[in-house]
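Down below is the structure, laid out as C-alpha coordinates.
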Amino acid sequence: HDNYVAILKETGVTGYPFVNATLGHKVGHRDTPVGRQADRKKILDMKAYLESLPAPPGERTDAAAVRRGASVFETGCTSCHNMDQSKPVRMAVVPMEKLWPAYAPVTLAERKPPMSPIRNSPGSFDDKMVIADGSERGLPRGVPAPLLLDLARKPAFLHDNSVPTLSELLNPARGATSPHPFYVKDVAQRGDVIAFLRSQSINRR
(Lines give C-alpha, C1' and ligand atoms only; values in the text may rest on other atoms or scores of the structure.)
Protein backbone atom coordinates (compact mmCIF):
# COMPACT_ATOMS: atom_id res chain seq x y z
CA HIS A 1 0.00 0.00 0.00
CA ASP A 2 2.76 2.44 0.96
CA ASN A 3 4.56 1.66 -2.31
CA TYR A 4 1.47 2.46 -4.39
CA VAL A 5 0.84 5.67 -2.43
CA ALA A 6 4.44 6.78 -3.05
CA ILE A 7 4.10 6.08 -6.80
CA LEU A 8 0.84 8.01 -7.01
CA LYS A 9 2.42 10.95 -5.19
CA GLU A 10 5.49 10.94 -7.45
CA THR A 11 3.35 10.92 -10.59
CA GLY A 12 0.98 13.64 -9.39
CA VAL A 13 -2.15 11.51 -9.11
CA THR A 14 -4.72 12.86 -6.67
CA GLY A 15 -8.35 12.23 -5.80
CA TYR A 16 -8.06 8.46 -5.46
CA PRO A 17 -9.65 5.99 -4.85
CA PHE A 18 -11.64 6.45 -8.04
CA VAL A 19 -13.65 3.26 -7.52
CA ASN A 20 -15.09 2.57 -4.07
CA ALA A 21 -15.70 -1.03 -3.07
CA THR A 22 -19.01 -2.19 -1.65
CA LEU A 23 -18.99 -4.09 1.64
CA GLY A 24 -20.89 -7.09 2.97
CA HIS A 25 -19.72 -9.70 0.47
CA LYS A 26 -18.67 -13.22 1.43
CA VAL A 27 -15.22 -13.18 3.02
CA GLY A 28 -12.94 -15.83 1.53
CA HIS A 29 -14.71 -16.06 -1.82
CA ARG A 30 -12.28 -15.86 -4.75
CA ASP A 31 -13.87 -12.62 -6.01
CA THR A 32 -14.17 -11.06 -2.55
CA PRO A 33 -11.36 -12.44 -0.35
CA VAL A 34 -11.75 -9.68 2.25
CA GLY A 35 -15.49 -9.12 1.76
CA ARG A 36 -15.19 -6.13 -0.58
CA GLN A 37 -16.19 -5.87 -4.25
CA ALA A 38 -15.40 -3.13 -6.76
CA ASP A 39 -17.99 -2.25 -9.40
CA ARG A 40 -17.63 -4.89 -12.13
CA LYS A 41 -18.55 -2.54 -14.97
CA LYS A 42 -15.88 -0.07 -13.89
CA ILE A 43 -13.34 -2.88 -13.73
CA LEU A 44 -14.24 -3.99 -17.26
CA ASP A 45 -14.16 -0.38 -18.51
CA MET A 46 -10.68 0.05 -17.03
CA LYS A 47 -9.58 -3.23 -18.63
CA ALA A 48 -10.85 -2.06 -22.02
CA TYR A 49 -9.03 1.26 -21.65
CA LEU A 50 -5.75 -0.39 -20.67
CA GLU A 51 -5.98 -2.81 -23.60
CA SER A 52 -6.49 0.15 -25.95
CA LEU A 53 -3.16 1.75 -25.00
CA PRO A 54 -0.41 1.32 -27.62
CA ALA A 55 2.58 -0.79 -26.63
CA PRO A 56 5.86 1.11 -26.29
CA PRO A 57 8.23 0.72 -29.24
CA GLY A 58 11.31 -1.41 -28.84
CA GLU A 59 14.85 -0.14 -29.29
CA ARG A 60 16.38 -0.87 -32.72
CA THR A 61 20.10 -0.17 -32.86
CA ASP A 62 21.71 -3.33 -34.27
CA ALA A 63 19.48 -5.59 -36.36
CA ALA A 64 22.14 -8.30 -36.70
CA ALA A 65 22.65 -8.46 -32.93
CA VAL A 66 18.88 -8.65 -32.43
CA ARG A 67 18.66 -11.62 -34.81
CA ARG A 68 21.53 -13.42 -33.07
CA GLY A 69 20.05 -12.68 -29.67
CA ALA A 70 16.66 -13.98 -30.78
CA SER A 71 18.26 -17.30 -31.66
CA VAL A 72 19.94 -17.61 -28.25
CA PHE A 73 16.74 -16.55 -26.48
CA GLU A 74 14.64 -19.07 -28.41
CA THR A 75 17.00 -21.87 -27.40
CA GLY A 76 17.33 -21.03 -23.73
CA CYS A 77 14.41 -18.92 -22.51
CA THR A 78 11.16 -19.92 -24.19
CA SER A 79 10.19 -22.62 -21.70
CA CYS A 80 8.83 -19.66 -19.72
CA HIS A 81 8.90 -16.52 -21.91
CA ASN A 82 7.23 -15.72 -25.22
CA MET A 83 9.32 -15.04 -28.31
CA ASP A 84 6.49 -12.96 -29.79
CA GLN A 85 5.14 -10.39 -27.34
CA SER A 86 1.93 -9.98 -29.35
CA LYS A 87 0.86 -13.40 -28.06
CA PRO A 88 -0.78 -13.70 -24.62
CA VAL A 89 1.37 -14.97 -21.78
CA ARG A 90 0.46 -18.60 -21.08
CA MET A 91 -1.81 -19.14 -18.12
CA ALA A 92 0.70 -20.78 -15.81
CA VAL A 93 2.58 -19.95 -12.65
CA VAL A 94 6.34 -20.51 -12.52
CA PRO A 95 7.00 -22.02 -9.07
CA MET A 96 9.04 -19.90 -6.69
CA GLU A 97 11.47 -22.79 -6.18
CA LYS A 98 12.37 -22.66 -9.89
CA LEU A 99 12.74 -18.88 -9.92
CA TRP A 100 14.76 -18.75 -6.72
CA PRO A 101 16.84 -21.81 -5.73
CA ALA A 102 17.64 -20.24 -2.32
CA TYR A 103 13.93 -19.92 -1.54
CA ALA A 104 13.37 -21.07 2.06
CA PRO A 105 9.94 -19.90 3.22
CA VAL A 106 8.72 -19.87 6.79
CA THR A 107 5.05 -19.63 7.75
CA LEU A 108 4.13 -16.26 9.23
CA ALA A 109 0.45 -17.02 9.75
CA GLU A 110 -1.97 -19.87 9.16
CA ARG A 111 -5.29 -19.16 7.46
CA LYS A 112 -8.51 -21.13 7.30
CA PRO A 113 -8.86 -23.18 4.10
CA PRO A 114 -9.19 -22.48 1.27
CA MET A 115 -6.90 -19.54 2.08
CA SER A 116 -3.18 -20.31 1.82
CA PRO A 117 -0.82 -19.83 4.76
CA ILE A 118 1.13 -16.57 4.68
CA ARG A 119 4.79 -17.38 4.01
CA ASN A 120 7.98 -15.40 3.60
CA SER A 121 11.57 -16.25 2.77
CA PRO A 122 14.71 -14.39 3.91
CA GLY A 123 15.57 -11.79 1.28
CA SER A 124 13.32 -9.43 -0.64
CA PHE A 125 12.50 -11.36 -3.82
CA ASP A 126 9.23 -12.83 -2.54
CA ASP A 127 8.10 -9.95 -0.33
CA LYS A 128 5.31 -8.87 -2.69
CA MET A 129 4.03 -12.46 -2.75
CA VAL A 130 2.56 -12.22 0.73
CA ILE A 131 -0.73 -10.81 -0.60
CA ALA A 132 -0.90 -13.42 -3.37
CA ASP A 133 -0.32 -16.14 -0.79
CA GLY A 134 -3.43 -15.00 1.00
CA SER A 135 -5.62 -15.03 -2.10
CA GLU A 136 -4.54 -17.91 -4.33
CA ARG A 137 -6.32 -20.66 -2.39
CA GLY A 138 -3.55 -23.18 -1.95
CA LEU A 139 -2.19 -22.97 -5.49
CA PRO A 140 1.60 -23.21 -5.97
CA ARG A 141 3.46 -20.09 -4.89
CA GLY A 142 5.04 -18.38 -7.87
CA VAL A 143 4.52 -15.80 -10.59
CA PRO A 144 3.44 -15.77 -14.24
CA ALA A 145 6.07 -14.94 -16.84
CA PRO A 146 5.78 -11.27 -17.87
CA LEU A 147 5.55 -9.72 -21.30
CA LEU A 148 8.99 -8.44 -22.26
CA LEU A 149 8.11 -4.88 -23.22
CA ASP A 150 9.84 -1.50 -22.75
CA LEU A 151 12.94 -3.13 -21.31
CA ALA A 152 15.22 -0.49 -22.86
CA ARG A 153 13.78 2.09 -20.46
CA LYS A 154 13.31 -0.16 -17.44
CA PRO A 155 15.55 1.06 -14.59
CA ALA A 156 15.66 -2.18 -12.56
CA PHE A 157 14.72 -5.83 -12.90
CA LEU A 158 13.07 -8.70 -10.99
CA HIS A 159 10.03 -8.41 -8.75
CA ASP A 160 11.98 -6.60 -6.03
CA ASN A 161 13.92 -4.33 -8.44
CA SER A 162 17.13 -5.80 -7.02
CA VAL A 163 19.06 -6.05 -10.30
CA PRO A 164 19.96 -2.74 -11.98
CA THR A 165 20.70 -3.85 -15.57
CA LEU A 166 19.95 -6.59 -18.07
CA SER A 167 23.66 -7.24 -18.29
CA GLU A 168 23.80 -8.02 -14.58
CA LEU A 169 20.55 -10.01 -14.74
CA LEU A 170 22.01 -12.39 -17.33
CA ASN A 171 25.52 -12.56 -15.83
CA PRO A 172 26.32 -15.86 -14.07
CA ALA A 173 28.41 -13.91 -11.55
CA ARG A 174 25.13 -13.35 -9.66
CA GLY A 175 25.32 -16.98 -8.59
CA ALA A 176 23.39 -20.20 -8.98
CA THR A 177 21.11 -19.60 -5.98
CA SER A 178 20.13 -16.01 -6.82
CA PRO A 179 16.61 -15.12 -8.00
CA HIS A 180 16.08 -15.89 -11.71
CA PRO A 181 19.38 -17.82 -12.13
CA PHE A 182 19.08 -18.18 -15.90
CA TYR A 183 22.25 -16.83 -17.46
CA VAL A 184 24.08 -16.36 -20.74
CA LYS A 185 27.71 -17.25 -20.08
CA ASP A 186 29.25 -16.03 -23.33
CA VAL A 187 29.78 -12.26 -23.15
CA ALA A 188 29.09 -11.67 -26.86
CA GLN A 189 25.94 -13.77 -26.80
CA ARG A 190 24.81 -11.98 -23.65
CA GLY A 191 25.11 -8.67 -25.49
CA ASP A 192 23.08 -10.06 -28.39
CA VAL A 193 20.32 -11.30 -26.05
CA ILE A 194 20.20 -7.88 -24.42
CA ALA A 195 19.84 -6.25 -27.86
CA PHE A 196 16.98 -8.65 -28.60
CA LEU A 197 15.24 -7.94 -25.29
CA ARG A 198 15.58 -4.18 -25.67
CA SER A 199 14.05 -4.44 -29.16
CA GLN A 200 10.84 -6.12 -28.05
CA SER A 201 7.47 -4.57 -28.88
CA ILE A 202 4.05 -5.86 -29.81
CA ASN A 203 4.70 -5.19 -33.50
CA ARG A 204 8.33 -6.26 -33.68
CA ARG A 205 7.94 -8.41 -36.83
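The values are calculated or read from the model by the stated rules, or taken from the named source; none is laboratory data. Note that the structure is a prediction, hence the values are computed from the model and not measured. Every residue, glycine among them, receives a Cβ derived from its backbone with ideal geometry; neighbour counts consider all protein chains shown. Heads up: the accessible areas ignore ligands, DNA and RNA and are worked out on the full protein's heavy atoms, side chains in. Shrake-Rupley method; radii C 1.70, N 1.55, O 1.52, S 1.80 Å.
Computed over protein heavy atoms with a 1.4 Å probe, the accessible surface of the chain works out to 66 Å² per residue. If you sort Met115, Met96 by accessible surface, 1.4 Å probe, largest first, the order is Met115, Met96. Given springs between every Cα pair under 10 Å in a Gaussian network model of the chain, which of Asp127, Asp31, Asp45 has the largest fluctuation? Greatest mean-square fluctuation among the candidates belongs to Asp45. Surface calculation, 1.4 Å probe, protein heavy atoms: Tyr103 sits at approximately 30 Å² accessible. Report summary: the helix-based calculation at 222 nm, which adds -39500 (n - 2.57) for every DSSP H run with n ≥ 4 and divides by the residues of the chain, gives -8500 deg cm²/dmol. The dipole here belongs to the chain: it is taken about the Cα centre, uses +1 on the Cβ of Lys and Arg and -1 on the Cβ of Asp and Glu, and is about 480 debye. Note on Lys98: accessible area approximately 100 square angstrom, rounded to 10, probe 1.4 Å, nucleic acids and ligands left out.
With a 1.4 Å probe and every protein chain kept in, tell me what percent of the accessible surface of segment 1-119 is carbon plus sulfur. Carbon and sulfur: 59 percent of the exposed surface of segment 1-119. Judged by the gyration tensor of its Cα atoms, with axes a ≥ b ≥ c, segment 1-55 is oblate; a/c meets the 1.5 cut and b/c is at least as large as a/b. Close amide H partners of Val34, meaning residues 5 or more places away or on another chain with modelled amide H under 5 Å apart, are Gly28.
Note on exposure: Leu8, Leu151 ranked by accessible area (1.4 Å probe, complete protein assembly) read Leu8, Leu151, with the most exposed listed first. If the segment from Val5 to Asp31 were pulled out straight at 0.36 nm per residue, it would be longer than the present Cα-Cα gap by 7.0 nm. Against the compact-protein benchmark of 2.2 N^0.38 Å, the Cα-based radius of gyration of the chain scales to 1.17. In the chain, the longest principal axis of the Cα atoms and the axis of helix 40-52 are about 10 degrees apart. Rolled with a 1.4 Å probe across the full set of protein chains, the surface gives Glu97 an accessible area near 110 Å².
When the chain is treated as a GNM with alpha-carbon contacts under 10 Å, the residue of Asn82, Asn20, Asn171 showing the greatest mean-square fluctuation is Asn20. In a reduced charge model with +1 at each Lys and Arg Cβ and -1 at each Asp and Glu Cβ, segment 11-60 shows a dipole moment near 220 debye about its Cα centre. Taken over the chain, lysine pairs spaced eight or more positions apart, or on distinct chains, with alpha carbons under 25 Å apart number 20.
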